[in-house]
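No value in this document is a laboratory result; all are computed from the given coordinates. If you're wondering where the values come from, they're calculated on a predicted model, not measured in any experiment. All Cβ positions, glycine included, derive from the backbone under ideal geometry; neighbour counts span all protein chains shown.
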Amino acid sequence: MAKGQKARGPPPPLGPTKTFKYGMPLYGLAWPEGATFYACGGGGSVSSGIKNRLVCAEAHGGVLTDQTAEFLFGLDCPTRLVVSPGCKSIVFAMGKGGIQRLDVDARVKPPRFTEVTGALADRLKAITMDVKALAFHPSGDFLALGGEDGSVVVYEWPSLRVKMELSGDRKLPEAVKDLDWVPSAPASSGAWRSSERALAVVLDNGACAVLNVDKAGAQMCKVELSKGDFKNDRVMLVTSDNQLIIHHLPPGLENAHFSRIRCRAAPPSSRGAHGGGGDAVSLLCLMNNRNGCHVAIWELSGDGLLSMRATCRVSESPGACMDASADGAMVAVGTSEGDVALVSCRPRLRVVKRFKKAHMIFTTNMAFSADGAYVLSASADASATLHSTALPPPPDFKKILVLAFFVLTLVLMCLLQVLRVLKQRGMTVAEIYALIGLRPKDEL
C-alpha cells in the first residue's frame, strides 16, 4: 500500500430501496400473495438492445430487491401479464399478437418458469388476437381476453375451450382498453345475481359495457357520453335492451371518458358509505377529461343498470393506470406525468396520499399487495417504486385537551408570579391595573 494511502473498507450500506430499475421499460405488473411480484416488458426488436423478458423480484417491509429470476422472450415483447389464482401460471399478452403461458413453481427459490408443450401449446398458438386486456375469474376457472379489434373471448381454464366469444359481426364497436370480472353479490340482496357471471369492459372510445358471460355475451348495460340529438358533455346515457336513463355528470366531470376499471364487492359494513344504498356491486373507474383524472364509483344494481354514486378529482394530469385493493377500500392511480395518488373509498371518496414524481415519465401499471399495505407502480423508465398505504393516525383529542390545559395552567402561573413580584416592589392594585391596561373594579 502506498505511503499515506488509507485502507479502503467495504462500501457503506445503501439505505432502504423503494425504487429499483430493472433494465427495460416495464409494461405488465402483478403482485400475488406473498413478497414476490412479477413485471414484464422490453424493447421489442433485437436492434433496440433491450431484452424482452419477465423479471421476478421481491418486496420486504417497504424495500425492493433486485431481480431474483427472469425469463427471456426473444424478439417478441410481453405487454401485459396476469397471474392465475394460486400463482401456478402466468399469461402474457404479446406485442406481436396472441398470448403466451408460463407455469410457475413457486416452491423453490428463485421461482422456476416452464413453457407449456403439446396440445396446450398448440391451442395457445391458435389464439392470434391482438390482446389489449386480460383477466382471470377469481375462481381461476375462466380467462377473459379483450382485443384491439373489439373482440372479447372467455376461455375455460386451463383447457382453453371457448366459453363465450364476441368476434366477427358480434364484436364490440371499439378496441377493448380494459376489462374485469364483476363480483357476485349475495343471492339474497337486490344486486347483480350471484348465479350469473359478468364482465365489465372499457372501450377505446371511453364507453363502458357490462356483458353477461353466461348468456353468450349479451349486453346488460352500456354507459357512454350522449350523442346525436342527446349530445351534451354533461350527460351520459345508460342503456339496456328496454331502458334508457339520462345520467347528469357532476360539475368538473364534463365530457369524461372511462379509462380503466376494477370491480369489487364491498363488505356489508361499508355498503352505502359512499352515498349508495343496498348491496350493489362497486365498479371503481378511472375517468379522464380536460380537467385531469378522476376516480368514480359506479354501482351495478339487480336490474343490470349502472349508476354513479361518488366521484373524486385525483390530478390535473391524465390518469394512465390504476388498481384497487382486494377489499375495494383503496384505489391507486398513476398519471401520465409519473405521479402516483392513493384514494380512499371509505367512508368517503378522497385523495389521502400523493407521491409526486414517483417516476421520471408516465406510469404504466399499478399493483396492490394482497394485504393492501403497499402499492407498487411501474413505468416505461424501467423503474418500479414501492409506496406504503399506511395513513397517519387521526388526531388524539384527549391528548390535545391535556396539552391545552397544561399550557393554560403554565400561563396562569407565570401571570400570578409577575403580579406577586410587582406587589413586592410596592406597586398598588390601581397601578398594576393601569400597567396591564385595565381599570379597578370600583372604577368600572
Among S240, S48, S344, the residue with the largest mean-square fluctuation in a Gaussian network model of the chain built from Cα contacts under 10 Å is S48
Along the charge dipole of the chain, which of F71, M94, T409 sits closest to the positive end, that is, farthest toward it, with unit charges on the beta carbon of Lys, Arg, Asp and Glu (+1, +1, -1, -1)? T409
Violations at 31 Å Cα threshold for listed pairs K132/K227; K109/K357; K109/K356; K21/K96; K88/K177; K51/K177 -> K109/K357; K109/K356
Treating only the Cβ atoms of Lys and Arg (+1) and Asp and Glu (-1) as charged, compute the dipole magnitude of the stretch 326-398 about its Cα centre; round to the nearest 20 debye. 340 debye
Electrostatic dipole magnitude of the chain [Cβ: Lys, Arg +1; Asp, Glu -1; Cα centre; debye, to 20]: 1740 debye
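Once you have the Cα-Cα distance between D381 and R290, take 0.36 nm times their residue separation minus that, and quote the gain in nm to one decimal.
Extending this stretch completely gives an extra 30.2 nm.
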Given unit charges at Cβ for Lys, Arg (+) and Asp, Glu (-), the dipole magnitude of the stretch 165-357 about its Cα centre in debye, nearest 20, is 660 debye
Applying the gyration tensor rule to the Cα atoms of the chain (axes a ≥ b ≥ c; rounded if a/c under 1.5, else prolate if a/b exceeds b/c, else oblate), the class is oblate
Round to the nearest 10 and give me the degree value, 0 to 90, for the angle of helix 397-424's Cα axis relative to the longest principal axis of the chain. 20 degrees
Along the positive direction of the dipole of the chain (beta-carbon charges: Lys, Arg +1; Asp, Glu -1; about the Cα centre), which of T428, W31, V104 reaches farthest? T428
List the residues whose amide H sits under 5 Å from the amide H of K132, counting only those 5 or more places along or on another chain, with H placed 1.01 Å from N in the peptide plane. G146, G147, E148
MRE, 222 nm, helices only [DSSP H, n ≥ 4, -39500 (n - 2.57), over the chain, to nearest 500]: -3000 deg cm²/dmol
Would you mind checking which residues have amide H under 5 Å from N365's amide H? H placed 1.01 Å from N; only 5 or more apart, or other chain. A378
If you average the sequence gap of Cα pairs under 8 Å that are 6 or more apart and divide by the length of the chain, what percent do you get for the contact order? 10 percent
Mean-position separation - Cα centroids, the stretch 140-161 and the stretch 310-384, in angstrom: 27 Å
Starting from the amide H of D178, placed 1.01 Å from N in the peptide plane, find each other amide H under 5 Å away whose residue is 5 or more places distant or on another chain. V202
With the charge dipole of the stretch 165-357 built from beta-carbon charges (+1 for Lys and Arg, -1 for Asp and Glu) about the Cα centre, the Cα from V333, P347, L305 projecting farthest to the positive end belongs to P347
Ranked T385, T363, criterion: other C-beta atoms within 10 Å, fewest first: T385, T363
Stick to the Cα atoms of the stretch 165-357, pair each with every other, and give me the Kirkwood hydrodynamic radius in Å at one decimal. 16.8 Å
